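Contents: one structure, followed by commentary.
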Amino acid sequence: MIVMQTEKIADQTQAAQTSLLALNNLHARETSYLAPETWSDLLRNASVASCIGGKSAFLIAFDHAATYDNFNFNWFRERLKQFIYIDRVVVGSEHRGQGLAKVLYDDLRAHAEVRGIGSHVCEVNVDPPNPGSDAFHGKMGFVEMGRVALPHVDKTVRYLVKNLD
C-alpha cells in the first residue's frame, strides 16, 4: 500500500532520486531522456519537485518566473502572464490507476493557490500519441490552447491549460 502523500524529491535519499531518474528515463518517449547532471539541474531550479512513495511517481513544475530555457515553457511564457508549467509527471506502470497523479496535481494546486497563480499548463504528445495522458488531463479539466510541431525533435504536442479559479 502506497501512502498518498507527496514528499519533496530533494528530501529523498540518493538511491530514491536515482530511481526517480530511472523512472523518468523509462518514459523518455513521453517526457525526455535526462542525464544525471540535467536531472540535478532540473530539480535545483524547479518550483515544485515532488514524489510519492519515494520512487512510485513524481512531478516537476516551474512557475512563470522561473529561469528555465525550454521551448514548451517559453511557448506558455509568451502567451500567459502567470502559470505553473508541469514539465513532467510520471507514474510507474505498477502504480497506475491508484490516483497518484491526481494527488501530485492536488499538491501542485495548493502550491499555486498559496502564490496566487491561477493556471496550470502542460503539453501532451499528439505524435507520438500519449492517450493515457490525454485522458487524465481531460478528466482533470485541462483544455487545449494550441498545437506545435516541435522544431528540435520529431514530436507534435498539444498545449493544455487549466484555470484554477
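Do any of K55/K139; K8/K162; K55/K155; K8/K55; K8/K155 go past 19 Å between their Cα atoms, and which?
Details: K55/K139 25 Å; K8/K162 23 Å; K55/K155 27 Å; K8/K55 11 Å; K8/K155 30 Å.
Check vs 19 Å cut-off fails for K55/K139; K8/K162; K55/K155; K8/K155.
Using unit Cβ charges (K, R positive; D, E negative) and no other charged atoms, how large, in debye to the nearest 20, is the dipole of the chain about its Cα centre?
Working: 17 positive and 19 negative charges, 46 e Å.
With only Lys, Arg, Asp and Glu charged at Cβ, the dipole is about 220 debye.
The chain: Rg/Rh from Cα coordinates, Kirkwood Rh?
Values: Rg = 14.8 Å, Rh = 16.0 Å.
Checking Rg against Rh, the ratio lands at 0.92.
Just how far, in whole angstrom, is the stretch 120-165 from the stretch 12-56 if you go by their alpha carbon centroids?
About 21 Å separates the Cα centre of the stretch 12-56 from the one of the stretch 120-165.
Take the Cα coordinates of the stretch 1-71, assign each an equal point scatterer, and use the Debye formula without solvent to give log10 I(q)/I(0) at q = 0.12, 0.13, 0.21 Å⁻¹.
-0.30, -0.36, -0.93
Bear in mind that the values in this text are calculations on the coordinates, not laboratory data. Note that this is a predicted model, so its numbers are computed, not measured. Quick reminder, even Gly has a Cβ in these numbers, built from the backbone with ideal geometry, and neighbours come from all protein chains shown.
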